[in-house]
Every structure is written in structure tokens, then in C-alpha cells.
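Since the structure comes first, as C-alpha cells, the remarks are kept for the end.
The values are calculated or read from the model by the stated rules, or taken from the named source; none is laboratory data. Everything numeric here is computed off the predicted structure, so don't read it as measured data. Using ideal geometry, Cβ is built from the backbone for each residue, glycine included, and neighbour counts are taken over all protein chains shown.
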Ligand SMILES: [Zn+2]
């Protein structure tokens, strides 16, 4: 056993002779050595998660549901998604209060005490009836249900995704206005390209800032015409993952980043299912870290968590998976366990943006509420993440009965 491993385990209170002996085969993988002097309060803890879709069926159980009319090829009423979930897992009492969907995530947020809370908001917030035609799926949450976001004290909604314009330009304008009124910052969409490109600036008392840049890729299903231009609203569209684009982003980030700023690149990319990480994503993520001053890559779009990589001591989450949605009663792809959600709590050193540690909390979406998973489900998500993360030299292990922890070389 070397010193850094012992310190790592001691820090997490899991050093015991039996445990250490059992873990010995993994001793080549260690978290960074952290001396007590280096620990908080000079570190910044983030809460990150994947897709938060509080529209459609979720919106229907909240106190102020939208008109349930849908324009999908098969389903014409949003209440059907509630019925499908109820058929599977039992009745959902309605109206649910605004904090209901977060369930046990609220206690975990309280316990972890992150400095900032960032989500990918995968729905428009609007009462507009002008849906984007021919898209097939159009998500909206009624503006009067916005307290379901503030109930979890979310600081920043990333909007560069394939649903923010589901209810057209009016829907986007309503989303931006509603979030602003609720004092939530946004990134990745705006009234023009200047707004869409601008980061959300999250000021932390005495700890510097977190800058969140939102980007959306065509591979996640964002229609190309949704890209914002000088005089057209839309999302911060990334036409490709070329290194030329990295240079363009590097110039922009350099103009804004100050000392002790932590830069998060929040990217909606890739398809919904599958664990493969395309080479171009990995190259792009590395280049953002090498050349553009990015400290954390917050990837999303996949319906399930994907591999985690630590590259030059910076965190890359390739896909955070679904977090909140109404997919509970929809059949297909069960083997990926999209119903298992993950809270990510990375702690980052603002002096250089390096990762100090990453804790993850698995939860289970059931009756449109995030619940603590069964012991079997906890082990399943741990083993699946460990399998995928091993490809990049990391390991995911049990920290305690509720939490997982990442170790890396
Ligand atoms: Zn998406």
C-alpha cells in the first residue's frame, strides 16, 4: 500500500484492514494525494447531471399543467405518459408538489452542499401552442411550473439541446424570460448568436466564478436551422468537432476567463443509446482542455451514463444520462437502464481547474420521482460505470451505501 492510497481511503473514512486488503489488487489506481491544507474551503464543488425533462408527462402531474395536446405520430395526449408510468409502477398522486420529482435527490444536494448546480434542461418552458412542425416530439412545461426547478435551487440551465425550440421561437423566448424571472442563469441559447455563445457566469462568494458555456451538436438531433445567428435566435450550434472550432472557442474563452475561474463546457452530443465514445469526441474534449482553458467537460444526450475520463487531471463526463423525464412506461432499450440516474459531484481546485475528487450518487426514477436505488441497482450502475471508465484508466468504486467514487491514475 502506498501513502497516497492510504490517504485517499482515510480521507473517505473507508480505510480498514480488511477493506484495504480486499482492494489491494487495484492499488495502481489512486485519486490524487490531497493534504488537509488543500481541502475545502478553497475548492469548488459542482453538482452536474444530464437531461432534466420536466415537460409533457411530468408537466401534467405538476400544479399547473399545459394543454395536454401533443403532435406526436402515435401519442396525442401528454396524460398518456402519466398513465403508462402508473401502469408500470402504481399511481402518482396529483397534483404533485413542485419538489416531488426531485425526491431523494434533494437530501443528497443538501448533504453534498455544492457551490453551484448545473443541469441540461431538455424542454421548453412556454404556454405557446405553436409547435415546431415535423419534429415529432415537442416538449414543453408550463411557465407556472418553473418552481419545480427552483425547488432544487438550480443555478444554471444549459439550453443548447434538441428540445429548447420544440415550441418555436416564441417558446425559446418564453423559456429565456421565465428562467430569468426565476433568477436562473442560462447558457447555450439566446436571442442571437452573441447571447447563445455567452457563458452563464456563476459568482461564488469568496471562491471566484464558474463559467458555463453551452454547445449543441447535430449528432444529438438538433436541427441545423436551430443554430443562432447575428439576427436570429437559437442555440449555440457546433457545426463539427474540428480543431478549427477549438481555436475559435479558445479565443472566446481566453477573452472572458479570469484567474480562479472554472470553465465548464457543457455539450449536447451523440445519440441516445450505446457506450461507444467516438474518437472525434475524445479528441475534441482533449483539445478543449489543452488549448481552450476548459476545466470540466459536461457531456450529455445519452439516455444513460457513459464513461468518465480524467485527462491531465481535468474531468470529462462523456454522457451524464437522463435525470428526470417521463419515459418510465415507454418500452425498449431496457438493458441500458435509462431509469437509473446519476448525480455528479466533482470538486475542482479553482487555482488550476484540476479535479480533486468525483463522487456520484445513483438514483432510480420511479413514479416520476427520483428514489434511492435498490442494492442490486446500485451495484449494477457501479459495475457498468466501472467497466466503461476502465477503458480510460479509471475505476468507479463504492464509497458508502449511497455514493460512488472515481479513482484515476
Ligand atoms: Zn437531447
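Do the conditions hold for residue 241, that is, is it touching a helix residue (DSSP H, G or I) at 6+ places or on another chain (Cβ under 9 Å), modelled with pLDDT under 95 and crowded, with 19+ Cβ neighbours inside 10 Å?
Answer is yes for this residue.
For the stretch 175-196, give me each residue that is buried (at least 20 other Cβ atoms within 10 Å of the Cβ) and touching a helix residue (DSSP H, G or I) at 6+ places or on another chain (Cβ under 7 Å).
Within the stretch 175-196, 178, 184, 186, 188, 189, 190 meet the criteria.
If you scan the stretch 227-252, which residues turn out to be within 16 Å of the ligand (Cβ to nearest atom) and either in a strand (DSSP E or B) or more than 21 Å from the chain's Cα centre (by Cα) (or both)? So that I can check it myself, show each step before the final result.
Going residue by residue through the stretch 227-252, those that are within 16 Å of the ligand (Cβ to nearest atom) are 227, 234-238.
The answer is 227, 234, 235, 237, 238.
For the stretch 253-272, state whether one or more residues are under 30 Å from residue 335 (Cα atoms), surrounded by fewer than 20 Cβ atoms within 10 Å (Cβ to Cβ) and within 16 Å of the ligand (Cβ to nearest atom).
Checked the stretch 253-272: at least one residue is under 30 Å from residue 335 (Cα atoms), surrounded by fewer than 20 Cβ atoms within 10 Å (Cβ to Cβ) and within 16 Å of the ligand (Cβ to nearest atom).
Residue 297 is checked against (1) in contact (Cβ under 8 Å) with a residue 40 or more places away in the chain; (2) closer than 25 Å to residue 336 by Cβ and fails just one. What number does that condition carry?
The failed condition is (1).
Among the listed residues 136, 190, 216, 171, identify the single one that is within 16 Å of the ligand (Cβ to nearest atom), free of Cβ contacts under 8 Å to residues at least 60 places away in the same chain and more than 17 Å from the chain's Cα centre (by Cα).
None of the others qualify; the one that does is 171.
Against the definition (free of Cβ contacts under 8 Å to residues at least 40 places away in the same chain and in contact with a strand residue (DSSP E or B) (Cβ under 7 Å, 6 or more places away or on another chain)), how does residue 202 come out, yes or no?
Numbers: free of Cβ contacts under 8 Å to residues at least 40 places away in the same chain: no; in contact with a strand residue (DSSP E or B) (Cβ under 7 Å, 6 or more places away or on another chain): yes.
Against the criterion (free of Cβ contacts under 8 Å to residues at least 40 places away in the same chain and in contact with a strand residue (DSSP E or B) (Cβ under 7 Å, 6 or more places away or on another chain)), residue 202 does not qualify.
Quick check, is residue 281 touching a residue at least 24 places away in the same chain (Cβ under 8 Å), within 16 Å of the ligand (Cβ to nearest atom) and assigned to a helix (DSSP H, G or I)?
yes
What's the number of the condition residue 360 fails, among (1) within 27 Å of residue 103 (Cβ to Cβ); (2) part of a loop (DSSP other than H, G, I, E, B); (3) more than 16 Å from the ligand (Cβ to nearest atom); (4) in contact with a helix residue (DSSP H, G or I) (Cβ under 8 Å, 6 or more places away or on another chain)?
Tallying (1) within 27 Å of residue 103 (Cβ to Cβ); (2) part of a loop (DSSP other than H, G, I, E, B); (3) more than 16 Å from the ligand (Cβ to nearest atom); (4) in contact with a helix residue (DSSP H, G or I) (Cβ under 8 Å, 6 or more places away or on another chain), residue 360 fails exactly one: (2).
With respect to the numbered conditions (1) modelled with pLDDT of 95 or more; (2) under 26 Å from residue 299 (Cβ atoms), which one is the sole condition not fulfilled by residue 136?
With (1) modelled with pLDDT of 95 or more; (2) under 26 Å from residue 299 (Cβ atoms) applied to residue 136, the lone miss is (1).
With 129, 104 as the choices, which residue is more than 26 Å from residue 221 (Cβ to Cβ) and either touching a residue at least 12 places away in the same chain (Cβ under 8 Å) or not assigned by TED's automatic domain parsing to the domain that holds residue 59 (or both)? Let's see the steps before the verdict.
Working: 129 fails: more than 26 Å from residue 221 (Cβ to Cβ).
On inspection, the qualifying residue turns out to be 104.
Can residue 190 be described as out of contact with any strand residue (DSSP E or B) (no Cβ under 7 Å at 6 or more places or on another chain) and either in the same structural domain as residue 296 (by TED's automatic domain parsing) or within 24 Å of residue 291 (Cβ to Cβ) (or both)?
Answer is yes for this residue.
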